[in-house]
1. Applying the selection to the stretch 240-253, what residues are part of a helix (DSSP H, G or I) and either touching a Phe, Trp or Tyr at 6+ places or on another chain (Cβ under 6 Å) or under 23 Å from LYS281 (Cβ atoms) (or both)?
2. Name the single residue, out of those in the stretch 164-183 being more than 26 Å from HIS225 (Cβ to Cβ) and either in contact with a Cys (Cβ under 6 Å, 6 or more places away or on another chain) or without any contact (Cβ under 8 Å) to a residue 24 or more places away in the chain (or both), that is surrounded by the most Cβ atoms within 10 Å (Cβ to Cβ).
3. What's the number of the only condition in (1) assigned by TED's automatic domain parsing to the domain that holds LYS282; (2) under 17 Å from the mean Cα position of the chain (by Cα) that LEU310 fails to meet?
4. Considering only residues that are surrounded by fewer than 16 Cβ atoms within 10 Å (Cβ to Cβ), closer than 9 Å to GLY194 by Cβ and of a type in the set (A, V, I, L, M, F, W, C), which ones fall in the stretch 243-270?
5. I need the full set of residues from the stretch 1-36 which are part of a loop (DSSP other than H, G, I, E, B) and either over 25 Å from PRO94 (Cα atoms) or at pLDDT 95 or above (or both), in order please.
6. Against the conditions (1) in the same structural domain as PRO94 (by TED's automatic domain parsing); (2) surrounded by 15 or more Cβ atoms within 10 Å (Cβ to Cβ), where does GLY335 fall short? Just the number, please.
7. Out of LEU113, LEU120, LEU76, I need the residue that is assigned to a helix (DSSP H, G or I), in contact with a Gly (Cβ under 7 Å, 6 or more places away or on another chain) and under 19 Å from ILE8 (Cα atoms). Which one?
Amino acid sequence: MAISRRGIILMNLGSPDSTAVKDVRKYLNEFLFDDRVIDYSWLFRKVLVQGIIVPRRAPKSAEAYRKIWTPEGSPLVRLTFQLAARLQELVPDPVAVSMRYGNPSLDVAYLELLQKIPDLEEVIAVPLYPHYAMSSYETAVEHAKAIHHRRRYRFRQKFLPPVYQRPEYIHALTEHVRPWLQRDYDHLLFSFHGIPERHLEKTDPTHEHCLQSADCCSVASVAHHTCYRHQCLTTMRLVAERLNLPEEKFSYSFQSRLGREEWLKPYTDFRFQEMPKEGIKKLLVICPAFVSDCLETLEEIAIRGKQSFLESGGTAFDLIPCLNADPLWVKALAGWVQEQ
């Protein structure tokens, strides 16, 4: 029997080491100084991030993290390790975890695999982002490539492509949502993480498709391979079709915007205030851009978003958890990495 010399790395966003302001500040500096997150010139980015954004944001973010922190630490890190453990039960190759920002770093994940397989030949890297965006999937891939080159690792490296429309992903997400629809609800909101409109135009290889018309996401184009908005709406459409949802029972929005420039619309926080006035009193929310619950789901949506919706006249608000370690999601991941 051939001996496997392959390893798997699950790559997630990351989290501060603690809720202390100094640790949150360190994390935000690393995260926001990434030129695929805030894509301005180095000097302007340095002044903006280190001189303005982080000093103002770190104390507020630290307080937000305190609201969701667990005895085991960061929910996102803990849930990613749970996912890795469930995946390890289904695959023969060792599974490691890395974060794009914070700990454990990618170097630590590589070292873990090399300690288990000294003659490691191949790593299958799995960016845990179902949709392509330069500030999530792309930066994870390019970061891994850069470290692989810099350290002169001899093993090959492959990356799982975005899975936004893979049947196994859609099936897992659909069946994850289905039980929640047994509740008395008026509307299901798909809240995706937002990105600046500029990013969408920047990743458009044609430079003449994205955001150039109202229906650009439904018009076939090579731009869709890297179009975050198209991929998000495709996920929503496929899940809604399988759930047989009438058009008036679901919609989408984009959350977590930063700064004053134009981001993808509609904005989730605005919709929370508007929906009760439109007769939507009982709301379900799902955040498919995230596969692990984190600050953006547990605090931004489940705490602040819920409060805003109820104060605006809503009567019921439920956040559907992320896929986390859902068995169908784990099974899908196992199938994809073995395909590689």
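The values are calculated or read from the model by the stated rules, or taken from the named source; none is laboratory data. Predicted model only: the values in this text are computed from it and were never measured. Ideal geometry is used to build each Cβ from the backbone, glycine not excepted, and the neighbour counts take in all protein chains shown.
1. ALA240, GLU247, GLU248, LYS249 - these are the residues of the stretch 240-253 that are part of a helix (DSSP H, G or I) and either touching a Phe, Trp or Tyr at 6+ places or on another chain (Cβ under 6 Å) or under 23 Å from LYS281 (Cβ atoms) (or both).
2. PRO179
3. With respect to (1) assigned by TED's automatic domain parsing to the domain that holds LYS282; (2) under 17 Å from the mean Cα position of the chain (by Cα), LEU310 is out only on (2).
4. Scanning the stretch 243-270 gives a single hit, LEU258.
5. Of everything in the stretch 1-36, those that are part of a loop (DSSP other than H, G, I, E, B) and either over 25 Å from PRO94 (Cα atoms) or at pLDDT 95 or above (or both) turn out to be PRO16, ASP17, SER18, THR19, ALA20, PHE33, ASP34, ASP35, ARG36.
6. (2)
7. Criteria check complete, one pass: LEU113.
To keep it simple, each residue is scored yes or no on (1) under 23 Å from the mean Cα position of the chain (by Cα); (2) exposed (fewer than 13 other Cβ atoms within 10 Å of the Cβ).
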residue: SER4; (1), (2): no, no
residue: ASN12; (1), (2): yes, no
residue: THR19; (1), (2): yes, no
residue: VAL24; (1), (2): yes, no
residue: ASP34; (1), (2): yes, no
residue: GLN50; (1), (2): no, no
residue: ARG56; (1), (2): no, yes
residue: LYS60; (1), (2): yes, yes
residue: ALA64; (1), (2): yes, no
